[in-house]
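This report refers to the structure that appears directly beneath it.
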Amino acid sequence: MINITLPDGSVRQYQEGVTSFEIAQSISEGLARNVLAAKVNGSVWDSNRPITEDAQVQLLTWNDDEGKNAFWHSSAHLLAEALEDLYPDVKFGIGPPVENGFYYDVDLGEHHLSQEDIAKLEQKMLELARQKNEFKRSEVSKAEAIDYFTKKGDEYKLDLIKDLEDGSITFYEQGKFVDLCRGPHIPNTSFIKAAKIMNIAGAYWRGDENNKQLTRIYGVTFPKQKDLTEHLERLEEAKKRDHRKLGKELELFAFSEKVGMGLPLWLPKGTLLRERLEQFMRKAQMRAGYQPVVTPHIGSKELYVTSGHYEKYGADSFQPIKTPNEGEEFFLKPMNCPHHCEIYKVRPRSYKELPVRLAEFGTVYRYEQSGELHGLTRVRGFTQDDAHIFCRPDQVKEEFTKVIDLVLYVFKALGFEDYTAQISLRDPENKAKYIGGDEAWDKAETAIIEAAAEKGLRTVTELGEAAFYGPKLDFMVKDALGRKWQLGTIQVDYQLPERFQLEYIGADNAKHRPVMIHRAPFGSLERFVAVLIEHCGGNFPLWLSPEQYAILPISEKYHDFAQQVYEALQLEDIRGSVDNRDEKIGRKIRDAEVRKVPYMLIVGEKEQENGAVSVRKHGEGDLGSMTVEEFKTLFQGKVAEMLNK
């Protein structure tokens, strides 16, 4: 008998050789029908693979990311089977799952897929899926694998086999299709009920432009037709919410080839939005005891050699700036933390002063590859709401918990309600990627795990996702369309204080090393704004909107009164504009709606006589007439409600 430990901590005994599917059956038939794969001692396995020793087992369904990956990996094989059925001479490259579906790189010879071909391919996939063919795993020798694909004439699989070690090669078979694959896969093809080919692109074999260009077929599948329909609707909505599209329409930001790729230009309205976010964070930081600092946009090479950033990120930095002095080199700042370490060192510190919390909206630069640049989400110059807390070891957990509170306050104020905290730890199998000893790492990881548990956060743990100098807590946020984004990070660091020889005098009058906590609730302001735009579709929270109202005079006769209303609202820091164009009021209202202005204040003869405005709310319509004072009260009440909820 072997012991199987389930995620709730319960232990069950089973006969050696039991499968995850059989474990699911012993719990409930309903669960067994939905199991796609299983995580066994941290590795994802087929649900029909025998377990021969004590193990921790998590049963994976469509609700688990690893379950979806197995589903989409199997769907890539189903696509390949359909292709081979329709085009017997096809040759196959690789077919992995990706974030929203899968792709397969294939060589179709001279054939180019038409829309008619795509429809046939989708139909054939569903036809094969209904055959309920099992995904059968078999271990083969390298010689057998080479022999099989030599006879088949598939040079791409033979190229892949060259890099594999004998004894580590597996085939998967479903129906008449056999593929070189590590797995894992779902039990059989009948789980796949809906299929859609999403895109056709070109891809060089092995990513090398000297190799042949293959056809990359992207697809997505679901266990229910309803899920596919909803997915396609979300994609259409995502196109409407694309921050690049809305950023242009709302005149928030732009890019210029002359300025350079990946270097955003913030337009007046975008700058107002950005500054409002900064003001919001500065106030929150001041209440939490942070001190503002400003550091240069460049630093000497020696600074980044000391911090370790040069060794780890030198290749991703811009080329060094060389001065007339021989051997003197500077880099555009890739990180703010080394500068903050030097600020901490400007004078001796006592244990009574700690924690020292230094905050900066610091702009940093990283040379991202041109093919990876994407709107504001991946740029070469961006600003972080960066802060570094220097504290005693006994203060780490308390300070970490306070930062969690700050991150959650930000999420609440901006309407991000669905999030998971990812505990990112060191990869125990590859410690060479990280700096520092085991004792410091163990302390840092324990502090993060305990703080997250005490705050009652919903967490997942990911090995190998830590920063090179310490573990971290990354907040994974779901937006209005259900997409995941990494926003906000908190990191515990015992390494930089060591590298920079940071010290404080303790109660024992001896020198001690502080611990450093890195934190950025927004992360990158550019990326945060991009996610926020797509989350709210450009309908920003009232307190944040760069244009909170538009005053719309019915005719030129009321321009002076409109200006009086504008000046009265400006005194209360309520931001807006006056539309003095020679246009009909209907056109002005439509244009304000397109600009997603929260409030439209219409002024005409009656409003001028009564010192009032006719208020219209974006997306809702008329709210009636009210005095300017009444509108101020309404507006300020709404803002207070949003920020204090």
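Things worth noting here:
- Debye, to nearest 20: dipole size of the chain, +1 on Lys, Arg Cβ, -1 on Asp, Glu Cβ: 1100 debye
- Fraction of alpha-carbon pairs over 19 Å apart in the range 66-230 - percent: 54 percent
- Ranked Glu122, Glu99, Glu144, criterion: other C-beta atoms within 10 Å, fewest first: Glu99, Glu144, Glu122
- 15 Å beta-carbon shell around Thr420, net charge (K/R +1, D/E -1): -3
- Viscosity 1.306 mPa s, temperature 10 °C, Stokes-Einstein D of the range 228-376 from Kirkwood C-alpha radius, µm²/s: 84 µm²/s
- DSSP-defined antiparallel bridges as percent of all bridges, the range 545-645, nearest 5: 55 percent
- Rg/Rg_ref, the range 549-644, where Rg_ref = 2.2 N^0.38 Å and atoms are Cα: 1.01
- Sparsely packed GluC sites (Glu not before Pro) within the range 159-235, loop by DSSP, other Cβ within 10 Å at most 14: Glu165, Glu209
- Distance between the modelled labels on Arg590 and Ala640, one decimal in nanometres: 3.9 nm (7 Å Cα→Cβ projection).
- Efficiency of FRET between Asn430 and Ser10 - r from beta-carbon atoms, R0 35 angstrom, step 0.05: 0.65
- Mean residue ellipticity (222 nm) of the chain, computed from DSSP H runs ≥ 4 via -39,500 (n - 2.57), nearest 500: -11000 deg cm²/dmol
- Net charge over other residues, Cβ less than 14 angstrom from the Cβ of Met476 (K, R count +1; D, E count -1): -2
- DSSP-loop trypsin sites (Lys or Arg not before Pro) across the range 357-459, with at most 16 other Cβ within 10 angstrom: Lys455, Arg458
- Rule-of-thumb Rg ratio for the range 393-548 [Cα; 2.2 N^0.38 Å; N residues]: 1.17
- Rg [Å, one decimal], Dmax [Å, integer] - the range 468-509, C-alpha atoms: 17.3, 56
- As a calculated quantity, the FRET efficiency between Lys120 and Arg244 at R0 = 35 Å, using C-beta atoms, amounts to about 0.55.
- Each of Pro268, Phe390, Val477 was scored by the projection of its Cα onto the charge dipole of the chain, and the greatest displacement toward the positive side belongs to Pro268; charges sit on the C-beta of Lys, Arg, Asp and Glu.
- Net charge of neighbours whose Cβ lies under 13 Å from the Cβ of Lys617, counting Lys and Arg as +1 and Asp and Glu as -1: 0
- Principal axis dimensions, largest first and in whole angstrom, of the range 63-134 by Cα: 39, 24, 22
- When the alpha carbon coordinates of the chain are projected onto the principal axes, the ranges are 88, 74, 60 Å, largest first.
- The chain, relative contact order [Cα under 8 Å, separation at least 6], %: 8 percent
- Sparse-neighbour loop sites [trypsin sites (Lys or Arg not before Pro); the range 260-350; at most 15 other C-beta within 10 Å; DSSP]: Lys345
- With R₀ set to 41 Å, the beta-carbon distance separating Glu609 from Ser256 gives a calculated FRET efficiency near 0.25.
- Beta bridges per DSSP with both ends in the chain, % antiparallel, nearest 5: 85 percent
Throughout, read-outs are computed from the coordinates displayed, never taken from laboratory work. These numbers were taken from a predicted model, which means no experiment stands behind them. In this analysis, Cβ positions are derived from the backbone assuming ideal geometry, glycine residues included, and neighbour counts consider all displayed protein chains.
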